[in-house]
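Asks: The structure is given below, and queries will be raised subsequently.
The values are calculated or read from the model by the stated rules, or taken from the named source; none is laboratory data. Please read all numbers here as calculations on a predicted model, not as lab measurements. Note that we place each Cβ from the backbone using ideal geometry, even for glycine, and neighbour counts take in every protein chain shown. For the accessible areas, the whole protein counts, side chains as well, though only heavy atoms, and no ligand, DNA or RNA atoms are used. Shrake-Rupley method; radii C 1.70, N 1.55, O 1.52, S 1.80 Å.
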Amino acid sequence: MGVIHIGAGGRAQVNEEECVECNNCYRSLRPEGRNPTLVRAMRRLLRSIHLSYEPPLDVCPTGALTPPKLEWPRLVRNFFSDVLSEHGLTGVVGRGTEEIKTNDVTGRLAEGQVGFAIDMGRPNLGVRFRDIEKVAVALARAGAQFEPKNPVTGLMVDPATGRMREDVLDEKVLSAIIELQVPLANVLPIVRALDEVQHELDTVFSVGIFAQYGPDNAVPYQRPLEEAGYRLSPNGKTNLGLGRRSA
Amino acid sequence: MTNTLHRRGSVEELSHDFVMFAIPARGINDAGCRPKLQQFIRLVLRHGPVNLGDARQGQRHSDDFEKLIAGLTDKSIATATFDNREALLAALREVQAADLGISINVTGLIDTVDGCCREIGRRRHGVEHSLGIKGATDRLPNRNVLAVGTLCGHGMVSFNLIQRVLQLIKLNKLSPAEGAEMLRRPCVCGAFNPERAREILEQMRTLG
């Protein structure tokens, strides 16, 4: 996010408005536990003779950063941004959804249905729920049925319209997945809705599309998308079908 | 989440990048699955993965596989990353034979994974593709930085960090291998491919 900088007093400052509470800085940096006053004095001294102290990239000399205790609605930032944080709604770590990955066991996505995972804010830019709402509303108008076990759906006041709770709209997260499914015939309206709404955003989103393989081992959505001029990635995720329900 | 889906690169570059993971379905087959996840990690370890992990634990045990295995729980997602098809195929063969009963997914070139499945007599259940990035794409960095950043779909390897590592490589203060290792550390789930990152950093060292 780039939200940490050294302020005029020589102290690290966090832009709280932009911070997504991913906890990556606490997790990735090794604190050396050096005296902060001494470190600042050394830096000033070195700067006066045009030298600088350059510690390894994964070191925080003073251990200056500590995780805050979060309260609602800011807590939502941590739920969606910290990979090690478990969503209360889904019990899944990360952004909180299993989509096609366990479909061989859950059967959530039936044959003839196509799923979408719209990864808002990805890659790496982050997103506010106000922008997530814009996309969700556009998708609802295009006929999306939002996945009830997805944490973004859990923050909607009305999944039929895609409207989000008012209290989270200004919260920023690293990414959040809008997950939905539609019949195969409705794939193109969804993709076109995404094409249109993308111009209203100041961030990015990555689009995933998934389905069960057909009886002929074909990808059901490939033909309609390619005929409409869309291109599928050569790489993707394959569920091997090795899972089963416990006896 | 879809943390391995949107990896970027040419077909040639992606042919060195496969992620296999075992994931229990919450509330359906997760109770008591810890030994199966442990067996999964032991099986894939025989085939030289370039990274291993469990998003529940983070990467604290990334160099101590016994700690990683001991730390697995019923809620874990066990992940192994390979840099070649042969290792993937050998691991797949063993995992299928073990009949663990939990969902196994592979992210990589779809046709290559299909070929591997045919070789082991496996009919695939489902597939997920990327339709790319939309929105304010002018805010994104260049192609190579993006290729490295998308190796961690959770977004833990920031564009700023990649660009800083690249600066240090250009100044000969880090080697591409050291830089790739530095970038691997924030990735908590084991999906980051340090070998592919090293290749990209090596290319970028001499590019403008």
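Asks: Quick check on chain A: helices-only [θ] at 222 nm, where DSSP H runs of length 4 and up contribute -39,500 (n - 2.57) each and the sum goes over total residues. Nearest 500, please.
Replies: Estimated from H runs of four or more residues: -7000 deg cm²/dmol.
Asks: Output ³J(HN,Hα) for segment B:78-85: one whole-Hz value per residue in order, computed from phi by the Karplus curve 6.51 cos²θ - 1.76 cosθ + 1.60 with θ = phi - 60°, and x for Gly and Pro.
Replies: Result, rounded to whole Hz: 8, 10, 9, 10, 10, 10, 7, 5.
Asks: Place +1 on the Cβ of every Lys and Arg and -1 on the Cβ of every Asp and Glu in chain B, take the dipole about the Cα centre, and give the residue among B:L100, B:S130, B:F21 whose Cα lies farthest towards its positive end.
Replies: Result: B:S130, furthest along the dipole toward the positive end.
Asks: So which of A:K69/B:K173; A:K237/B:K170; A:K69/A:K134; A:K101/A:K134; B:K134/B:K173 end up more than 32 Å apart, counting from Cα to Cα? Show your work: numbers first, answer last.
Replies: Working: A:K69/B:K173 38 Å; A:K237/B:K170 34 Å; A:K69/A:K134 30 Å; A:K101/A:K134 27 Å; B:K134/B:K173 36 Å.
Those over the limit are A:K69/B:K173; A:K237/B:K170; B:K134/B:K173.
Asks: For segment B:2-119, just the Cα set please: Rg and Dmax, both in angstrom.
Replies: Final numbers for Rg and Dmax: 13.8, 41 Å.
Asks: Oh, and also: Which value results for Rg/Rh of the protein assembly as shown when Rg is the Cα radius of gyration and Rh the Kirkwood radius based on the inverse mean 1/r?
Replies: Details: Rg = 21.8 Å, Rh = 22.6 Å.
Answer for the protein assembly as shown: 0.96.
Asks: Related question: Jot down the radius of gyration and Dmax of segment A:95-169, Cα atoms only, both in angstrom.
Replies: Cα radius of gyration and Dmax of segment A:95-169 are 12.9, 37 Å respectively.
Asks: Still on this structure, please answer the following. Just check segment A:1-103 against the gyration tensor rule for me: Cα atoms, a ≥ b ≥ c as the square roots of the eigenvalues, rounded for a/c under 1.5, and otherwise prolate or oblate depending on whether a/b exceeds b/c. Intermediate values should be presented prior to the final figure.
Replies: On the way: a/c = 3.22, a/b = 2.49, b/c = 1.29.
Verdict is prolate for segment A:1-103.
Asks: Related question: Which of B:G32, B:G132, B:G108 moves most in a GNM of chain B, Cα contacts under 10 Å?
Replies: B:G132
Asks: Quick check on segment A:157-216: what does the Kirkwood estimate of hydrodynamic radius come out to from the alpha carbon pairs, in Å? Display every interim value, and only then the final one.
Replies: Details: mean 1/r = 0.0701 Å⁻¹.
Result for segment A:157-216, one decimal place: 14.3 Å.
Asks: Mind checking which of A:V204, A:N124, A:I4 is farthest towards the positive end of chain A's charge dipole, using Cβ charges of +1 (Lys, Arg) and -1 (Asp, Glu) about the Cα centre?
Replies: A:I4
Asks: Tell me, what HN-Hα J-couplings in whole Hz come from the Karplus equation 6.51 cos²θ - 1.76 cosθ + 1.60 at θ = phi - 60° for each residue of segment A:116-126, using x for Gly and Pro?
Replies: 10, 10, 9, 8, 5, x, 9, x, 6, 7, x
Asks: In Å² (nearest 100), what accessible area is buried between B and A, both sides summed, heavy protein atoms only, 1.4 Å probe?
Replies: Details: alone 11250 and 14760 Å², together 19060 Å².
About 6900 Å² of accessible surface is lost on pairing.
Asks: Can you list the trypsin sites (Lys or Arg not before Pro) in segment A:133-225 that are in a DSSP coil and have 15 or fewer other beta carbons within 10 angstrom? Write down the numbers at each step before the final one.
Replies: Details: sites: A:K134, A:R141, A:K149, A:R163, A:R165, A:K172, A:R192; in loops: A:K149, A:R165.
For trypsin sites (Lys or Arg not before Pro) across segment A:133-225 that sit outside H, G, I, E and B with at most 15 neighbouring Cβ atoms in 10 Å, the list reads A:R165.
Asks: Calculate, in nm to one decimal, what A:L75 and A:E16 gain on full extension: separation in residues at 0.36 nm each, minus their alpha carbon distance.
Replies: On the way: separation 59, 0.36 × 59 = 21.24 nm, distance 1.28 nm.
Gain on stretching A:L75 to A:E16: 20.0 nm.
Asks: Please give the FRET efficiency for A:Q222 paired with B:R34, using the beta carbon to beta carbon distance and R0 = 41 Å, rounded to the nearest 0.05. Please list the in-between numbers first.
Replies: Working: r = 38 Å, r/R0 = 0.92.
Result of the calculation: an efficiency of 0.60.
Asks: While we're looking at this one, here's another question. Once the dipole of the protein assembly as shown is set up with Lys and Arg at +1 and Asp and Glu at -1 on Cβ about the Cα centre, which of B:C33, A:S48, A:P67 lies farthest towards its positive end?
Replies: A:S48
Asks: Just give the residues from segment B:113-129 buried by at least 30 square angstrom of accessible area in the all-chains context relative to the isolated chain, probe 1.4 Å, and say none if nothing qualifies.
Replies: Flagged in segment B:113-129: B:R122, B:R123, B:R124, B:H125, B:G126, B:V127, B:E128, B:H129.
Asks: A follow-up question, please. Probe radius 1.4 Å, ligands and nucleic acids ignored: give me the carbon and sulfur share of the accessible area of the protein assembly as shown as a rounded percent. Intermediate results must be reported in sequence, preceding the final value.
Replies: On the way: 9490 of 19060 Å².
Of the solvent-accessible surface of the protein assembly as shown, carbon and sulfur hold 50 percent.
Asks: If you put +1 on each Lys and Arg Cβ and -1 on each Asp and Glu Cβ, how big is the dipole of segment B:137-207 around its Cα centre, in Debye rounded to 20? Walk me through the numbers before you get to the answer.
Replies: On the way: 10 positive and 6 negative charges, 31 e Å.
Magnitude of the dipole: close to 160 debye.
Asks: With springs only between Cα atoms under 10 Å apart, run a GNM on chain A and tell me which of A:Q212, A:Q222, A:Q181 wobbles the most.
Replies: A:Q222
Asks: For segment A:83-227, what is the charge dipole size about the Cα centre, in debye to the nearest 20, if Lys and Arg each add +1 at the Cβ and Asp and Glu each add -1 at the Cβ? The partial results should precede the final answer.
Replies: Details: 14 positive and 22 negative charges, 23 e Å.
It comes to approximately 100 debye.
Asks: Looking at segment A:83-227, what % of the alpha carbon pairs are farther apart than 24 Å? Could you put the intermediate results ahead of the total?
Replies: Working: 2884 of 10440 pairs.
I get 28 percent for the Cα pairs in segment A:83-227 exceeding 24 Å.
Asks: Now for a different question. Decide, for segment B:137-207, between rounded, prolate and oblate: order the square roots of the alpha carbon gyration tensor eigenvalues as a ≥ b ≥ c, take rounded if a/c falls under 1.5, and otherwise choose prolate if a/b is larger than b/c, else oblate.
Replies: Numbers: a/c = 1.73, a/b = 1.17, b/c = 1.48.
It is oblate, given that a/c is not under 1.5 and a/b is not larger than b/c.
Asks: Counting only helical runs of four or more DSSP H residues, what would the 222 nm mean residue ellipticity of chain B come to if each run contributes -39,500 (n - 2.57) and the total is spread over all its residues? Mind dumping the intermediate values first?
Replies: On the way: 9 runs with 88 residues, N = 208.
Taken over chain B, the calculation gives -12500 deg cm²/dmol.
Asks: Taking chain A as the reference, fit the longest principal axis to its C-alpha atoms, fit the long axis of helix A:187-197 to the helix C-alpha atoms, and give the angle between the two in degrees, 0 to 90, nearest 10.
Replies: Result, in degrees: 40.
Asks: Also, I was wondering about something else. At a threshold of 8 angstrom on Cα-Cα distance, excluding pairs fewer than six apart, so keeping six or more, what relative contact order does chain A reach in percent? Could the numbers behind the result be given before it?
Replies: Numbers: 389 pairs, mean separation 51.5, N = 247.
Computed over chain A, the figure is 21 percent.
Asks: Another one. Any chance you could give the angle, 0 to 90 degrees and rounded to 10, that helix A:36-48 forms with the longest Cα principal axis of chain A?
Replies: Once rounded, one gets 80 degrees.
Asks: With a 1.4 Å probe and every protein chain left in place, work out the accessible area per residue of segment A:1-146 in Å², rounded to a whole number. Before the final figure, lay out the partial values.
Replies: On the way: 6980 Å² over 146 residues.
Normalised by residue count, the accessible surface of segment A:1-146 is 48 Å².
Asks: Another question, if that's okay. Take every Cα-Cα pair in chain B and report what % of them are more than 22 Å apart.
Replies: The calculated P(r) of chain B puts 49 percent of pairs beyond 22 Å.
Asks: Taking the Cα centre of segment B:2-119 as the origin, how large is its charge dipole in debye, to the nearest 20, when only Lys and Arg (+1) and Asp and Glu (-1) carry charge on their Cβ atoms? Can you show the working numbers first?
Replies: On the way: 14 positive and 16 negative charges, 92 e Å.
So the magnitude is around 440 debye.
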